[in-house]
Amino acid sequence: MVLKRKGILLLGSTGSIGTQTLEVIRAFPDYFEVIGLVAGNNIDLLRKQIEEFNPKFAYCNQTDINIQLFDGTDCVYMPIESMVINPEVDLVVAATSGDVSVLHTLSAINSGIDIALANKETIVMLGNLLMDAVKNNAVTLLPIDSEPSAIWQCIRGEDNNISKLIITASGGSVRSIPLRYMKDLSPKEVLKHPNWSMGNKITVDSATMMNKVFEVIEAHWLFDVPFEKIDVVIHPESMIHSLVEFNDGSIKAQISNPDMRLPIQYALMYPDRKNNKFIKSFDPVNIGSLNFFNIDYERYPCFKLGLETAIKGGTWPAALSGADDIAVEYFLKRKINFLEIGSFISDILSSHKNIVNPNIDQILNAASSARERGRLLIR
Ligand code: MG
């Protein structure tokens, strides 16, 4: 019997998660079919991906280049709005960073297409609006992020008995740098993540632990667990990707080498599991010891600031996301130093006017206003 392959539309195909998603697809050619690819500006890589995966349609940001991009292939140019409602697509993988894919993700959900979500801004900003759309359209939202994926794997079959989630954090690239040197850290130093290979924005977010704030919010919405039942611990080895405590005190943890292809494959293949010969197996003896620490708030001021802001709800999480976007951008452009990221975000948020129960326009506007406020502050 020949089974129909799962048709994948990949948003953000040339980024870190995008290229690793294609590595998973490459390992299982009988299982997946690339229907569409969407990239930003990395035309050379997109062209190579089109040649290898032979999608039916593709898109990149530079419209003038689209014609030659498809020369000599069967691939046709298609706007993203049309791709995300195309009936040949079984699963949209949202692997972009920032809020560029928020509306496209919502369109796909509203057309009844399942979503594998690597982009945490979407869930952070939209919150219950996203979860309601998922419920109303009876689609499945599959997390790609390693920590939500770990929680999801631990609670399969017994999500009624959760007493606590414990999300692990690597502590990022700055975790052992003496505090007095932190303000002098260059973007290059901060971008050197000890365990994970990821895009620039998320690697800086990992160093400030704003990334962990976003993951707490993500877990809150995905698994319907109140904020007070979500803990975060530093776990430098990044082998345990999160833990779930159940009502009887028993704890389940999901363990693997830090390799994003595992959570990607789990989301793409769910509920199946197949051996991927390109992913190294885990050897506990080789790993030796695993360590856990409480968060040092002096080292990670963004964590406290971010969490206190986000749990206020309304448009606060969107404003936080926008403020963080611009703060990271200015850090990478060396307009603010590493230790100024938190105070810069705090300054931006001081002028935010919250809207309770916002609609999608008000949410997107809260993020763009925060970015604009950041630009004004620097000027
Ligand atoms: Mg993560």
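The values are calculated or read from the model by the stated rules, or taken from the named source; none is laboratory data. Computed from a predicted model, the values in this text were never measured in an experiment. Cβ sites come from the backbone with ideal geometry, for glycine too, and all protein chains shown count toward neighbours. Just so you know, the surface numbers come from the protein's heavy atoms only, side chains and all, with ligands and any DNA or RNA stripped out. Shrake-Rupley method; radii C 1.70, N 1.55, O 1.52, S 1.80 Å.
Would you point out which residue out of SER238, SER250, SER242, SER197 is more than 21 Å from LEU339 (Cβ to Cβ), open to solvent by 50 Å² or more (accessible area, probe 1.4 Å) and either in contact with a helix residue (DSSP H, G or I) (Cβ under 6 Å, 6 or more places away or on another chain) or within 14 Å of the ligand (Cβ to nearest atom) (or both)?
Details: SER238 fails: open to solvent by 50 Å² or more (accessible area, probe 1.4 Å); SER250 fails: either in contact with a helix residue (DSSP H, G or I) (Cβ under 6 Å, 6 or more places away or on another chain) or within 14 Å of the ligand (Cβ to nearest atom) (or both); SER242 fails: open to solvent by 50 Å² or more (accessible area, probe 1.4 Å).
The match here is SER197.
Can you find a residue that is touching a His at 6+ places or on another chain (Cβ under 7 Å) and either closer than 21 Å to TYR270 by Cβ or open to solvent by less than 10 Å² (accessible area, probe 1.4 Å) (or both) anywhere in segment 126-140? Steps first, answer last, please.
Residues of segment 126-140 touching a His at 6+ places or on another chain (Cβ under 7 Å): none.
No, because not a single residue in segment 126-140 is touching a His at 6+ places or on another chain (Cβ under 7 Å) and either closer than 21 Å to TYR270 by Cβ or open to solvent by less than 10 Å² (accessible area, probe 1.4 Å) (or both).
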Problem set entry | Options LEU142, LEU165: the member that is in contact (Cβ under 8 Å) with a residue 60 or more places away in the chain, more than 14 Å from the ligand (Cβ to nearest atom) and in contact with a strand residue (DSSP E or B) (Cβ under 6 Å, 6 or more places away or on another chain) | LEU142
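Looking at ILE295, ILE341 in this structure, which one is in the same structural domain as ILE177 (by TED's automatic domain parsing), closer than 30 Å to ASN257 by Cβ and open to solvent by less than 80 Å² (accessible area, probe 1.4 Å)?
Working: ILE341 fails: in the same structural domain as ILE177 (by TED's automatic domain parsing).
After applying the criteria, what remains is ILE295.
Tell me yes or no: at least one residue of segment 321-334 is closer than 23 Å to LYS229 by Cα and surrounded by 23 or more Cβ atoms within 10 Å (Cβ to Cβ). So that I can check it myself, show each step before the final result.
Of all residues in segment 321-334, those closer than 23 Å to LYS229 by Cα come to 321.
If we keep only those that are surrounded by 23 or more Cβ atoms within 10 Å (Cβ to Cβ) as well, we get 321.
Yes, some residue in segment 321-334 is closer than 23 Å to LYS229 by Cα and surrounded by 23 or more Cβ atoms within 10 Å (Cβ to Cβ).
Which helices (runs of 4 or more DSSP H) sit wholly inside segment 1-110 and have at least 2 residues that are touching a Gly at 6+ places or on another chain (Cβ under 7 Å) and assigned by TED's automatic domain parsing to the domain that holds ASP132?
Numbers: elements: 16-27, 43-53, 66-70, 80-83, 102-110.
Those helices (runs of 4 or more DSSP H) span 16-27.
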Seminar exercise, completed: A careful count of residues in segment 337-348 that are in a helix (DSSP H, G or I) and not β-branched (Val, Ile, Thr) gives 6
Problem set entry | Number of positions in segment 216-229 that are within 14 Å of the ligand (Cβ to nearest atom) and either at pLDDT below 95 or among the aliphatic types (A, V, I, L, M) (or both) | 4
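Checking the conditions here, which among PRO271, PRO258 is within 13 Å of the ligand (Cβ to nearest atom) and either in contact with a helix residue (DSSP H, G or I) (Cβ under 6 Å, 6 or more places away or on another chain) or outside any helix (DSSP H, G or I) (or both)? Let's see the steps before the verdict.
Details: PRO271 fails: within 13 Å of the ligand (Cβ to nearest atom).
None of the other options fit; the residue is PRO258.
Got a sec? Which of ALA370, ALA366, ALA323, ALA318 is closer than 30 Å to CYS154 by Cβ and of a type outside the set (Ser, Thr, Tyr)?
Only one candidate qualifies: ALA318.
Scanning for something assigned to a loop (DSSP other than H, G, I, E, B), within 27 Å of ILE144 (Cβ to Cβ) and either under 23 Å from the mean Cα position of the chain (by Cα) or touching a residue at least 60 places away in the same chain (Cβ under 8 Å) (or both), does segment 349-358 turn up at least one residue?
The answer is yes, given that some residue of segment 349-358 is assigned to a loop (DSSP other than H, G, I, E, B), within 27 Å of ILE144 (Cβ to Cβ) and either under 23 Å from the mean Cα position of the chain (by Cα) or touching a residue at least 60 places away in the same chain (Cβ under 8 Å) (or both).
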Exercise. Which of the following residues is away from the ligand (no atom under 12 Å from the Cβ) and either open to solvent by less than 50 Å² (accessible area, probe 1.4 Å) or polar (S, T, N, Q) (or both): VAL213, VAL174?
Worked result: VAL174
Exercise. Looking at (1) touching a helix residue (DSSP H, G or I) at 6+ places or on another chain (Cβ under 8 Å); (2) open to solvent by 60 Å² or more (accessible area, probe 1.4 Å), can you tell me which one GLN265 breaks?
Worked result: (2)
Problem set entry | Subset of segment 147-164 (residues that are modelled with pLDDT of 95 or more and not aliphatic (A, V, I, L, M)) | GLU147, PRO148, SER149, TRP152, GLN153, CYS154, SER163, LYS164
Problem set entry | Which numbered condition LYS277 fails, given (1) buried (at least 17 other Cβ atoms within 10 Å of the Cβ); (2) more than 24 Å from GLU158 (Cβ to Cβ); (3) not aromatic (Phe, Trp, Tyr) | (1)
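Residues are listed down the side, and each one gets a yes or a no for (1) within 16 Å of the ligand (Cβ to nearest atom); (2) free of Cβ contacts under 8 Å to residues at least 40 places away in the same chain; (3) open to solvent by 70 Å² or more (accessible area, probe 1.4 Å); (4) under 25 Å from ASP30 (Cβ atoms):
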position: ASN54; (1), (2), (3), (4): no, yes, yes, yes
position: GLU88; (1), (2), (3), (4): no, no, yes, yes
position: SER97; (1), (2), (3), (4): yes, no, yes, no
position: SER111; (1), (2), (3), (4): no, yes, no, no
position: GLU121; (1), (2), (3), (4): yes, no, no, no
Seminar exercise, completed: Here the qualifying pairs (Cβ atoms under 8 Å; residues six or more apart or on different chains; first in segment 279-305 and part of a loop (DSSP other than H, G, I, E, B); second open to solvent by 60 Å² or more (accessible area, probe 1.4 Å) and β-branched (Val, Ile, Thr)) come out as PHE282/ILE255
